[in-house]
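The values are calculated or read from the model by the stated rules, or taken from the named source; none is laboratory data. Model, not experiment: these values are computed from the prediction. Ideal geometry is used to build each Cβ from the backbone, glycine not excepted, and the neighbour counts take in all protein chains shown.
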Amino acid sequence: MNRGWSLGELVACGAASAFAGFFADDWIGAAAVLTLWLVWKYMRDADGLPIVAMALSFQWMQVTVGIWYVAVTGRHLDAMDLSDYRPMVLIGLGCVLALTAGLHAGWRIAAGWGRQTTTSHTALRVTWPTLAALYVASLAAQGLLQEVAFDYPSLTQAILAFRFAHLAVLFIVLRRLTRPTIRVPFVLGIVGLEILLGLTQYFAGFRDPLIMVMVAMFEVFDRRRLHHWVIVAAAAIVLSVTSVMWIGIRGAYRADIDAEVFTQSGASKIDTISALSKRWVHQSGEDMYADLDMLLNRLWVVYYPALAVSRVPSILPHTHGSMLLATIEHVASPRVFFPTKADLQSDSDLVRKYSGVNVAGAEQNTSIAFGYAAEMYIDFGVPAMFLPIFAFALLMGIAYEELRRRIHHDELRRGLLAVVFWLSFYIFERSLAKTVGLAGTLLVYLAVPALLLDNYLNRFDQVVPEEQGPESEEEDSEREAMLRAWHSR
């Protein structure tokens, strides 16, 4: 794909960046918009799938959202009042750029290896009844897999990875429902079910399904069609409102879970969520603003890292790669083969040591996020910290392009890439060990089975007669019967 810059694009990018700097009353706003522009320019693969761009945009939002919130509302967030947030925002933008550069370089390297790129888009031979059954089965298995995962410590990662297969099935369902026309009632029904069930989990489980809707819509988005704009805007509004509401009700809901109210009384989680939601809707506007502030403080994950940046190396020295070495050792010894390996150091312990704040930790059965950016800054400082981030993205870019070229079935390929690369790249505050570990787990336990499945399905799709004549025609009829039998499954 052509990645050159036209004069019009340069002018548009410059104008947008200048306006953002003026709007935010801070030149960091201009740098932020330029970064986002680069993400969307270079993070579209040869098939046009925007999943990596959306994942990095979510990281970008976590780095910069406080700047825009203050510019729009005038309400200050904790990070602005209690820390020197600006250096950390710039470091965060540097991390997004390092990931963008690494992924793009990985795509280019893999594309230059000379193998023929997948050009045909083979249909996935799964009928609607079969796909619906797969969706229901994967949805029903979520609770069971969550329950049994921690009963088998050496297999916990593998079991939890299989839970994410549900997102791939959901993406395929949504993708079919948006082609050739968008079947709005079915999309609304499925998304509504996913949001409702996501709200009944301990952590916010409603975000990923909405992201899958946006990805599916982006592939067919036509800016000339008003209803496309309405659907995308509605998904964004639902995601925003639901996130604010979750912040307001999660404390009471989690307290009921911790007290085993649902187990002891048989009360319905859905009824409880419904009651809490109605109570939240009828609260005062100031209380809703307080919930919004709380959400933005949660999303703008620069506070503790900013404190660490101000203390390293002036108070505490750089660790010269010890955190990166610990990450490599941890990832290189998967628990399935090393069941007795030590757990990762708690993020809360890192926050306490390097930020100087006595946050809640393992004693309260919680962990305060610190993030890969802060870890690499403590390890190496600027600019060396961006090299391991670039290297990780480079390897993932190569993996992405290899999967894109090797998996022939369009829906299978896109569903896999959407799940693996969204989950691997969208969280800014995740530690490097957890980021690399999750990416590796998803590649091993989801991508490898997908490759095997694609290869198996190809045996039914790629049937070419060697010679023409009565015998080959008979073979063709047998193969057609085999394909019809496969279609009916």
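I need the full set of residues from segment 306-363 which are modelled with pLDDT of 85 or more, of a type in the set (Ser, Thr, Tyr) and farther than 16 Å from GLU429 by Cα, in order please. Those that are modelled with pLDDT of 85 or more, of a type in the set (Ser, Thr, Tyr) and farther than 16 Å from GLU429 by Cα: SER310, SER314, THR319, SER322.
Only one residue in TYR135, TYR202 is buried (at least 16 other Cβ atoms within 10 Å of the Cβ) and more than 21 Å from ILE231 (Cα to Cα). Which one? The match here is TYR135. All conditions but one from (1) free of Cβ contacts under 8 Å to residues at least 24 places away in the same chain; (2) surrounded by 18 or more Cβ atoms within 10 Å (Cβ to Cβ); (3) of a type in the set (A, V, I, L, M) apply to LEU226; the one that does not is (2).
Within segment 98-115, no residue that is under 19 Å from LEU36 (Cα atoms) and acidic (Asp, Glu) sits with its Cβ atom under 6 Å from a residue that is modelled with pLDDT of 95 or more and crowded, with 18+ Cβ neighbours inside 10 Å at 6+ positions apart or across chains.
Would you mind stating whether SER274 is closer than 30 Å to VAL419 by Cβ, surrounded by fewer than 15 Cβ atoms within 10 Å (Cβ to Cβ) and at pLDDT 85 or above? Explain how you work it out, then say what you get.
On the way: closer than 30 Å to VAL419 by Cβ: yes; surrounded by fewer than 15 Cβ atoms within 10 Å (Cβ to Cβ): yes; at pLDDT 85 or above: yes.
When the stated conditions are applied, SER274 passes them.
For the residues GLU286, GLU194, the requirement of being exposed (fewer than 12 other Cβ atoms within 10 Å of the Cβ) and out of contact with any Asp or Glu (no Cβ under 6 Å at 6 or more places or on another chain) singles out GLU286.
The condition (being surrounded by fewer than 21 Cβ atoms within 10 Å (Cβ to Cβ), under 22 Å from SER83 (Cβ atoms) and within 20 Å of the chain's Cα centre (by Cα)) is satisfied by just one residue among ALA369, ALA373: ALA369.
Condition first: aromatic (Phe, Trp, Tyr), over 20 Å from the mean Cα position of the chain (by Cα) and more than 30 Å from TYR289 (Cβ to Cβ). Now tell me which residues in segment 218-271 satisfy that.
Across segment 218-271, the qualifying residues are PHE221, PHE262.
Pairing each residue of segment 170-186 that is surrounded by fewer than 22 Cβ atoms within 10 Å (Cβ to Cβ) with any residue that is charged (D, E, K, R), provided the two are 6+ apart or on different chains, yields C-beta distances under 6 Å for LEU177/ARG183.
Suppose the filter is of a type in the set (A, V, I, L, M, F, W, C), buried (at least 20 other Cβ atoms within 10 Å of the Cβ) and touching a Phe, Trp or Tyr at 6+ places or on another chain (Cβ under 6 Å); does ALA433 pass it? For ALA433, the condition - of a type in the set (A, V, I, L, M, F, W, C), buried (at least 20 other Cβ atoms within 10 Å of the Cβ) and touching a Phe, Trp or Tyr at 6+ places or on another chain (Cβ under 6 Å) - is not met. Among residues of segment 165-195 being at pLDDT below 85 and not β-branched (Val, Ile, Thr), the one that is nearest to ARG335 (Cα to Cα) is ARG179. Residue selection: VAL244 fails the criterion of being under 30 Å from ALA46 (Cβ atoms) and either surrounded by fewer than 17 Cβ atoms within 10 Å (Cβ to Cβ) or at pLDDT 85 or above (or both).
Per-residue answers, yes or no, for (1) in a loop (DSSP other than H, G, I, E, B); (2) within 22 Å of MET80 (Cβ to Cβ); (3) under 24 Å from the mean Cα position of the chain (by Cα):
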position	(1), (2), (3)
TRP5	yes, no, no
GLY8	no, no, no
VAL11	no, no, no
ALA15	no, no, no
ALA20	no, yes, no
ALA32	no, yes, yes
ASP45	yes, no, yes
GLY48	yes, no, yes
ALA53	no, no, yes
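Pairs only if they're at least six apart or on different chains, beta carbon under 9 angstrom, first in segment 409-426 and small (Gly, Ala, Ser), second modelled with pLDDT of 90 or more and in a loop (DSSP other than H, G, I, E, B); list them, first residue then second. No pair meets every condition.
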